[in-house]
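The values are calculated or read from the model by the stated rules, or taken from the named source; none is laboratory data. What you see is a predicted model, and the numbers here were worked out from it, not measured in a lab. Cβ: placed from backbone, ideal geometry, glycine included. Neighbour counts: every protein chain shown. Just the protein is used for accessible areas: all its heavy atoms, side chains included, with ligands, DNA and RNA removed. Shrake-Rupley method; radii C 1.70, N 1.55, O 1.52, S 1.80 Å.
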Amino acid sequence: MYALMVDLDRVEPREARALAVSAPDLERLLVHWLVDLLFVTETEGLVFAAFEVEVDEAAGSLRALAHGEPFDPERHDAGYDVKAVTYHDLEVVREASGWRARVILDV
């Protein structure tokens, strides 16, 4: 999501935000997390490029630490303005090599 918003190579991990969400399934867990990240971006002006994420499937919870910094138009080329995370064609799938997710964003 943030790769659409800014050049991730220019975002430095100067600040961190802890986020915790819960949901009855993995798809909604992903949406809740992305919505919370967007909220932080919109209210605090932070953009993120690195994440530490722990998912407890049995409990339906996600805890994460997002690393980034305040958006600086002098250093961060603005990309798309992500307005919302949608449920359209949402998918989270476990594969042999790891996880694959598809989420459509409203820009």
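Give the residues of region 82-95 that are more than 17 Å from residue 36 (Cβ to Cβ), assigned to a loop (DSSP other than H, G, I, E, B) and open to solvent by 100 Å² or more (accessible area, probe 1.4 Å), sorted by residue number.
Across region 82-95, the qualifying residue is only 88.
Which residues, taken from region 40-70, are open to solvent by 50 Å² or more (accessible area, probe 1.4 Å), hydrophobic (A, V, I, L, M, F, W, C) and without any contact (Cβ under 8 Å) to a residue 40 or more places away in the chain? Explain how you work it out, then say what you get.
Going residue by residue through region 40-70, those that are open to solvent by 50 Å² or more (accessible area, probe 1.4 Å) are 42-44, 51-59, 63, 65, 70.
From what is left, the residues that are hydrophobic (A, V, I, L, M, F, W, C) are 51, 53, 55, 58-59, 65.
Residues satisfying the conditions are 51, 53, 55, 58, 59.
Kindly check whether there is at least one residue in region 65-78 that is under 15 Å from residue 26 (Cβ atoms) and in contact with a helix residue (DSSP H, G or I) (Cβ under 7 Å, 6 or more places away or on another chain).
Looking through region 65-78, none of the residues is under 15 Å from residue 26 (Cβ atoms) and in contact with a helix residue (DSSP H, G or I) (Cβ under 7 Å, 6 or more places away or on another chain).
Could you tell me whether residue 37 is of a type in the set (A, V, I, L, M), part of a helix (DSSP H, G or I) and open to solvent by less than 30 Å² (accessible area, probe 1.4 Å)?
Values: of a type in the set (A, V, I, L, M): yes; part of a helix (DSSP H, G or I): yes; open to solvent by less than 30 Å² (accessible area, probe 1.4 Å): yes.
Spelling it out, residue 37 is indeed of a type in the set (A, V, I, L, M), part of a helix (DSSP H, G or I) and open to solvent by less than 30 Å² (accessible area, probe 1.4 Å).
Taking the stated definitions as given, is residue 17 more than 19 Å from residue 103 (Cα to Cα), open to solvent by 60 Å² or more (accessible area, probe 1.4 Å) and either in contact with a Pro (Cβ under 8 Å, 6 or more places away or on another chain) or modelled with pLDDT under 95 (or both)? Spell out the reasoning first.
Details: more than 19 Å from residue 103 (Cα to Cα): yes; open to solvent by 60 Å² or more (accessible area, probe 1.4 Å): yes; either in contact with a Pro (Cβ under 8 Å, 6 or more places away or on another chain) or modelled with pLDDT under 95 (or both): no.
The answer is no for residue 17.
Only one of these conditions is not met by residue 98: (1) open to solvent by 70 Å² or more (accessible area, probe 1.4 Å); (2) at positive phi. Which number is it?
(1)
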